[in-house]
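The values are calculated or read from the model by the stated rules, or taken from the named source; none is laboratory data. Given the structure is predicted, the values throughout are model-derived calculations rather than measurements. Reconstructed Cβ throughout: ideal geometry from the backbone, glycine too, with neighbour counts over all protein chains shown. These accessible areas exclude ligands, DNA and RNA; they are computed on the full protein's heavy atoms, side chains included. Shrake-Rupley method; radii C 1.70, N 1.55, O 1.52, S 1.80 Å.
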Amino acid sequence: MGKEIERKFLIDQQKWNNLSKPEGKLFRQGYLLSDKDKTVRVRATETKGFLTIKGQTIGATRMEYEYEIPVAEAIELLDNFSLSELSKTRYEISFSGKLWEVDVFLGDNKGLIVAEIELESEDETFDLPDWVSKEVTEEEKYYNSNLTVTPFKDWI
């Protein structure tokens with residue numbers, strides 16, 4: 001069984017803006033199925049496509065299966081079958097031996113920046129970069145699938 005253990009955090013935008021960071025990758029992702037128990041997501045970058053199936057989140061853990069697909073097929077699925085979608089730029093930053101994925105959202109979610117870290121276990125300890133602020137792991141409004149339906153612009 002595939003399993004993802006992931007924690008999410010908001011970031012201090014001023015510290016993030018001042019941080020030296022690598023080039024980001026533009027992601028376009030949409031949902032073929034999205035409910036509280038499961039999602040089927042399609043993601044396209046400039047060079048790759050992915051089909052991802054995720055189960056219900058319990059704590060910071062959920063079942064996850066991800067498959068690389070041709071980028072042209074990912075775009076075709078997004079264009080023809082996506083119920084909702086979003087775009088974001090992802091930055092991968094190593095800190096204290098861990099990979100942090102920082103998503104800077106675009107479009108209706110512009111202004112929202114979320115950092116994620118994948119772990120081996122829910123009780124694994126790790127160091128927080130100084131640009132990380134509030135944890136939002138269990139706040140469903142920050143799930144990407146929910147951001148496609150109730151975007152950040154509607155919160156403020």
Computed accessible area, ASP127, all protein chains, 1.4 angstrom probe, square angstrom: 90
Whole-angstrom gap from the range 1-36 to the range 43-93, using each part's C-alpha centre: 12
Probe 1.4 Å, all protein chains present, accessible-area order of ASP35, ASP103, largest first: ASP35, ASP103
Per residue accessible area of the chain, 1.4 Å probe, in Å²: 57
Rounded percent of accessible protein surface that carbon and sulfur make up, the range 5-154, 1.4 Å probe: 48
In sequence order, calculated HN-Hα J values of the range 10-23 (Karplus, 6.51, -1.76, 1.60; Hz; x Gly/Pro): 7, 10, 7, 5, 5, 5, 4, 4, 8, 7, 6, 9, x, 5
Spacing of the two label points (7 Å from each Cα toward its C-beta) at GLU120 and GLN56, in nm: 2.9
Area accessible to solvent at TYR142, 1.4 Å probe radius, in Å²: 20
Zone of ILE156's modelled label, taken as backbone nitrogen in the range 1-26 under 16 Å from a point 7 Å along Cα→Cβ: 10-17
Inter-probe distance in nm under a simple model that places probes 7 Å from Cα toward Cβ, at ASP35 and LEU128: 3.6
Helix 71-81 vs. the chain, principal-axis angle (Cα, 0 to 90°, nearest 10): 70
Residue-span extension gain [SER82 to GLU23] - 0.36 nm each, minus C-alpha spacing: 18.5 nm
Solvent-accessible surface (1.4 angstrom probe) belonging to VAL149, in square angstrom, nearest 10: 110
Gaussian network model of the chain, Cα within-10 Å springs - most flexible of ALA74, ALA60, ALA115: ALA60
Long-range HN-HN contacts of LEU32 with modeled amide H, under 5 Å: VAL40, ARG41, VAL42, LEU83
Low-density loop cleavage sites - trypsin sites (Lys or Arg not before Pro) in the range 1-104, where at most 11 other Cβ are within 10 Å (DSSP): LYS36
Which labelled figure in [x] 0.92; [y] 1.03; [z] 0.94 is Rg/Rh (Cα atoms, Kirkwood Rh), once derived from the coordinates: [z]
